[in-house]
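Chemist: Pasting in a structure now, in structure tokens, and then I'll have a few things to ask.
The values are calculated or read from the model by the stated rules, or taken from the named source; none is laboratory data. Model, not experiment: these values are computed from the prediction. Heavy atoms of the whole protein, side chains included, go into the accessibility calculation; ligands, DNA and RNA do not. Shrake-Rupley method; radii C 1.70, N 1.55, O 1.52, S 1.80 Å.
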Amino acid sequence: MWSIIGNMNAEFFIKGKTIETERLILRAFEEKDLDDFYEYAKVEGVGEMAGWYHHKNKEESLFILNMFIEGDKTFALCLKENNKVIGSIGVEQYGLEDKLSEFFDYQGREIGYVLSKDYWGQGLMVEAVSAVITYLFEDCDLDFLTCGYFVFNRQSKRVQEKLGFKPYRKLVMDTRMGTKEEAILNLLINPHKNIKFVYSHPETLIV
Ligand SMILES: CC(C)(COP(=O)(O)OP(=O)(O)OC[C@H]1O[C@@H](n2cnc3c(N)ncnc32)[C@H](O)[C@@H]1OP(=O)(O)O)[C@@H](O)C(=O)NCCC(=O)NCCS
């Protein structure tokens with residue numbers, strides 16, 4: 001018997017798109033961003049909250065920067081006042097694509113973000129992600145977005161609450177540091193669409 005599988009992870013590429021907010025320009029990463037990227041990625045306690053070790057040297061940042069450039073799905077957050085890149089927002093593929101049957105007929109992505117420690121606490125990430133969400137829902141016509149945080153990361157929890165994400169699943173996630181962390185995966189459904197998901201896997205569900 002054939003199973004009908006829809007789009008699930010939407011295709012997404014930045015393709016030169018820039019998004020302007022009150023204090024930021026969001027655009028694709030460029031080679032010239034290496035120094036700015038290394039400046040915030042080398043600080044201990046920033047990447048670790050998102051599941052990766054702070055960068056040990058500029059070569060490591062260059063390797064990741066090249067992945068950002070080739071992947072074309074990670075926005076650089078460029079501060080208007082000094083033209084400095086101070087963070088990133090990735091429009092990533094969500095995981096467990098073959099298991100989450102509620103998404104089989106829909107198109108979505110997962111949002112991930114990091115901000116330079118020097119700029120925490122000014123509402124900049126909410127400002128930036130909010131503009132990306134508007135773009136993804138209104139221009140790219142996505143149906144839903146997921147966004148997760150490790151339970152110890154109250155800062156990121158707050159960002160997602162302020163953006164309107166709702167608790168969706170409680171999971172244990174592998175980090176890029178080789179550890180496992182309890183995490184909450186949140187969900188945001190495109191408010192312009194009348195979508196009612198029929199959820200699978202009740203054992204991890206918290207909707
Ligand atoms: C999560 C992160 C992007 C938040 O960005 P931000 O622009 O500082 O977010 P906000 O200004 O809205 O602050 C969010 C919360 O962080 C906390 N916070 C603010 N300033 C802080 C500071 N200097 N130090 C620690 N926590 C702080 C507050 O609890 C705040 O919530 P509140 O507005 O209800 O008081 C940023 O902290 C970060 O990059 N952290 C490391 C990477 C990371 O966690 N990425 C997300 C992985 S899921």
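Chemist: Just to be sure I understand the rule: take each whole DSSP H helix in the chain, project its Cα atoms onto its long axis, keep it if the span is 15 Å or more and its mean Kyte-Doolittle hydropathy is at least 0.0. Which ones pass? Walk me through the numbers before you get to the answer.
Modeler: On the way: long enough: 58-71 (19 Å, 0.36); 124-134 (16 Å, 1.95).
Membrane-span-like by this criterion, though nothing is claimed about a membrane: 58-71, 124-134.
Chemist: Another question about this same structure. If you take every DSSP beta bridge whose two residues both sit in the range 1-153, what share of them, in percent to the nearest 5, is antiparallel?
Modeler: 75 percent
Chemist: A further question on this structure: Could you tell me the largest-minus-smallest coordinate of the C-alpha atoms of the chain on each of the three principal axes, in descending order and whole angstroms?
Modeler: Principal axes ranked by extent give 53, 36, 33 Å for the Cα atoms.
Chemist: What is the distance in Å between the Cα centroid of the range 38-91 and that of the range 165-190?
Modeler: First find each Cα centre; the distance between them is then 21 Å.
Chemist: With an 8 Å cut-off on Cα pairs and a minimum separation of 6 or more residues, tell me the relative contact order of the range 52-207 in percent.
Modeler: Details: 208 pairs, mean separation 30.9, N = 156.
With pairs under 8 Å counted, the relative contact order is 20 percent.
Chemist: Can you pull the accessible area of residue 8 for me, 1.4 Å probe, Å² to the nearest 10?
Modeler: Answer for residue 8: close to 20 Å² accessible.
Chemist: Another question, then. Accessible surface of residue 204 in the full protein assembly, 1.4 angstrom probe, to the nearest 10 Å²?
Modeler: Spelled out: residue 204, probe radius 1.4 Å, area about 40 Å².
Chemist: Let me ask something else about it. What is the set of long-range amide H partners of residue 87 at a cut-off below 5 Å, with H atoms built 1.01 Å from backbone N?
Modeler: Those lying under 5 Å, H to H, from residue 87 are 77, 116.
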